Amino acid sequence: MTLTGFIAKNALRNKRRLVLSVTSVAVSLFLLVALQVALRELTNPINDEGSSLRIIVRNKVSLAQPLPARQLQVLERIPGIAAITPFTFYGGLYKGDEKFTSFAQFAVDPARTLPLITDAKVPREQLEAWLADRTSCIVGKMTAERYGLKIGDRMQFTSQLYPADLEFKIVGIYEGTADDRNVFFHHKYLDESLGNPGTVGTWWVRAASIEEAPLVTARINQAFANSSAEVRAESERAFVLGFVSMWGNIQNLISGISVVVVFALLLVTVSTMSMAIRERFRELAILKAIGFRRRELFAFILAESFGLALLGGVLGVGGAYFLCNSLDIQKLSNGLFLLFEVTPRMVGFGFSVAALLGVLAAAAPMITVARTSVVEGLKTLD
Amino acid sequence: MFVRFMAAEAEEPIVQIRELFKVYQQGEINVTALNGISLDIARGEFLTLMGPSGSGKSTLLHIIAGVDRPSSGSCHVQGIDVTALNESELADWRNHNVGFVFQTFNLIPVLTAYENVELPLLLTRLSSGERRRQVQTALELVGLADRQHHLPRQLSGGQEQRVAIARALVTDPSLIVADEPTGNLDSHSAQDVLTILQSLSRSAGKTVIMVTHDPKAAAYGSRSVHLEKGELSN
Ligand SMILES: Nc1ncnc2c1ncn2[C@@H]1O[C@H](COP(=O)(O)OP(=O)(O)O)[C@@H](O)[C@H]1O
Ligand SMILES: [Mg+2]
């Protein structure tokens, strides 16, 4: 027998308790990692690099209020702006979808849009075809794949925002952006269908440099101050966050739940370990009597507690990893979630929590063992 | 004969206890468990400690074995003042010099007889071959070589106690202490245990100190001392 063997035998002595406590650690860590995955999913678009250059200009009153198209002349004179296009959320329901279409459609000025979507990879001739045809559109690769769309196909939409049902011809498929799902089409086409109302939903602006982006935002806000259509310009990052402002709450909620999970987990492991050690109090006294030192008993307790927590970690974090990286979450969630992956950082986080748990759960029994003399230990159960 | 007697006389006692006091403070009241004990124990003796319950037998045994400390006084074992060692030194000292046998719940329930006996050797630098040899020898000495793979619950009380003796022996300590080792045994098993302890002192030269309140058990010893309210009574 080795010391390791001795530790293992001790840990395995109450199999039901071992299974229950390892399972509770595993389930909690699974939950914890799953929450981290969800959190990353929610915050991901905000961390996109290109989006810090891009600015969204919307009506100060609300996002639903349109902006006058004539603002373009003013905007074009503002220094620090590299590109600008009308950018109107069409809110279409794709033909065949019941209640909800998982990708957005934006009316833009194609020629002006190209500098704004530099990260999108589209073949030259497809871009040219898009610029040339007023009723054409380009589609993100993910949407194209999901619906089995190819160049030359037509897409029909019923708008939930505008009295204009449109049909586009697909002339290009792009990929390489943070979210390869959207459809971009000609603003003119939308304008015509609505009888040229002279309005746009928002303006989409690209600042010349990241340093200048905040200045540009301020200048735009100032340019329309006290006008009939005051605007609010904000970085795409801020815009996305504001657009789904409730996600901010969800973030807090997720962080809150994570803390609660860790805390509950701590209570479970601490009580399990305390119970396991209390049962063995007399045995520990006997071990002391036959010459085991305090630090050796500490090592036993720590190893057992650590082993238990780590085993739970392997099952929980490993389970989350396996599940998230093998399931096609994108399909299962109707394209709502894109990444849903367990990053090495989350694995590290999960195991750190497990390790911390192991140490903390060992602390209380270690203190008790240190405080109890052989004689006191022998008296228990006598 | 005379020369041998002289030689024995000249040899230092293995245990020398001087003016040992142990006082427990219980709130306002002081409980004196040991009240100025002085005692010499010779090498190879089988000393039995007798006395009524609460007379301080266990306390004295614990101090000699280095698991408890006196309030004052000294206790030298093989010339070493055990009351002066620190915790870690004491643990090491116990591992090398003392074998313990307790009244009940002596063994680790998840370990086999063999593994229980091997336990103290895990703290030594012995090779696994040497360990095996020593465990085997100890188990043979208590007549349980054929039960080495049994778990404690598969053994009778007497057998458990013999395994405990084997564990006490395995590091080859000079001192074996036993606190009422037959207290929970039937008379037949008790006899086995006592015979083993006796032969340890007689033929293996171990010094055995045993607490008991059974005069029949005490008869196996070579000398008996009586404790009464923390004092030696004869
Ligand atoms: N931890 C303690 N606190 C207070 N009193 C104690 C403690 N341990 C032992 N005693 C007292 O010391 C005396 C001797 O105890 P002990 O050596 O166990 O007696 P014995 O083994 O002879 O029955 C008893 O009166 C007992 O109540
Ligand atoms: Mg006693």
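Brief remarks on what is shown
- Test item: A:290-300 mean partner chain Cβ contacts at 10 Å: 5
- Legend: translational diffusion of segment A:157-232 by Stokes-Einstein, Rh = Kirkwood radius over C-alpha pairs, 25 °C, 0.890 mPa s; D = 156 µm²/s.
- The charge dipole of the protein assembly as shown, taken about the Cα centre with unit charges on the Cβ atoms of Lys, Arg (+1) and Asp, Glu (-1), comes to about 400 debye, rounded to the nearest 20.
- Between B:Gly158, B:Thr182, B:Gln136, the Cα set farthest toward the positive side of the dipole of segment B:134-186 (charges on each charged residue's Cβ, about the Cα centre) is that of B:Gln136.
- Per-residue Cβ neighbour rank within 10 angstrom, fewest leading, B:Leu90, A:Leu20, A:Leu266: A:Leu20, A:Leu266, B:Leu90
- Between amide H atoms placed 1.01 Å from N, distances below 5 Å from A:Lys121 occur with A:Glu175, A:Gly176, A:Thr177, all of them 5 or more places distant or on a separate chain.
- Proximity of backbone amide H atoms, modeled 1.01 Å from N, is registered between A:Thr202 and A:Phe87, A:Thr88, A:Phe89 at under 5 Å, excluding neighbours fewer than 5 places apart on the same chain.
- Taking A:Arg345, A:Arg206 and counting other C-beta atoms within 10 Å, the order from fewest to most: A:Arg345, A:Arg206
- In the elastic network of chain A, a GNM with C-alpha springs shorter than 10 Å, the most mobile of A:Leu35, A:Leu357, A:Leu63 is A:Leu63.
- For B:Ile14, nonlocal amide neighbours, meaning residues 5 or more places apart or on other chains whose placed amide H falls under 5 Å from its own, are B:Ile41, B:Ala42, B:Arg43.
- Placing +1 on each Lys and Arg Cβ and -1 on each Asp and Glu Cβ, with no other charges, gives chain B a dipole about its Cα centre of roughly 420 debye.
- In segment A:158-234, the GluC sites (Glu not before Pro) that fall in loop regions by DSSP, at most 16 other Cβ within 10 Å: A:Glu211, A:Glu212, A:Glu230
- The protein assembly as shown: antiparallel DSSP beta bridges as a percent of all, rounded to 5: 65
- Residues A:Phe298 and B:Leu126, FRET efficiency given R0 of 25 Å [Cβ-Cβ distance, rounded to 0.05]: 0.60
- Label separation (B:Lys229 vs A:Phe322): 7.2 nm, computed from points 7 Å beyond Cα along the C-beta direction.
- Helix axis angle, B:128-141 relative to chain B longest principal axis, alpha carbon, degrees: 70
- Subtracting the Cα-Cα distance of A:Val19 and A:Ala208 from their residue separation scaled by 0.36 nm leaves 62.1 nm.
- Comparing A:Thr202, A:Phe168, A:Ser62 along the charge dipole axis of chain A, the residue lying farthest to the positive side is A:Ser62, per the Cβ-charge model.
- In a reduced charge model with +1 at each Lys and Arg Cβ and -1 at each Asp and Glu Cβ, segment B:61-123 shows a dipole moment near 160 debye about its Cα centre.
- The mean number of Cβ atoms from other chains found within 10 Å of a Cβ in peptide B:65-74 is 2, as a whole number.
- Gaussian network model of chain B, springs between alpha carbon atoms under 10 Å - residue of B:Glu11, B:Glu115, B:Glu160 with greatest fluctuation: B:Glu11
- Test item: A:280-286 mean partner chain Cβ contacts at 10 Å: 4
- Only Cα pairs under 8 Å and 6+ residues apart enter the sum, and on that basis the relative contact order of chain B stands at 29 percent.
- In sequence order, segment A:346-358 has phi-based couplings of 5, 4, x, 4, x, 6, 4, 4, 4, 5, 4, 4, x Hz under the Karplus curve 6.51 cos²θ - 1.76 cosθ + 1.60, θ = phi - 60°, and Gly or Pro positions carry x.
- Neighbour-count order for B:Lys229, A:Lys15, fewest beta carbons within 10 angstrom listed first: A:Lys15, B:Lys229
- Farthest positive-ward along chain A dipole, Cα basis, beta-carbon charges - from A:Phe281, A:Leu32, A:Met366: A:Phe281
- DSSP-loop GluC sites (Glu not before Pro) across segment A:1-97, with at most 13 other Cβ within 10 angstrom: A:Glu49
- Selected from B:Asn97, B:Asn30, B:Asn184 as most flexible by GNM, with chain B as the system and alpha-carbon contacts under 10 Å: B:Asn30
- Stretched out straight at 0.36 nm per residue, the stretch from A:Lys379 to A:Lys95 would grow longer than its current Cα-Cα span by 94.3 nm.
- Spacing of the modelled spin labels on A:Ala225 and A:Ile151, each 7 Å from Cα toward Cβ, amounts to 4.9 nm.
- For peptides B:51-63, B:33-45, sequence by mean Cβ density within 10 Å, most packed first: B:51-63, B:33-45
Read the figures in this text as sums done on the coordinates, not as results from a lab. Just so we're clear, the structure is a prediction, and the values are computed from it rather than from any experiment. With ideal geometry, Cβ positions are generated from the backbone for all residues, glycine too; neighbour counts draw on all protein chains shown.
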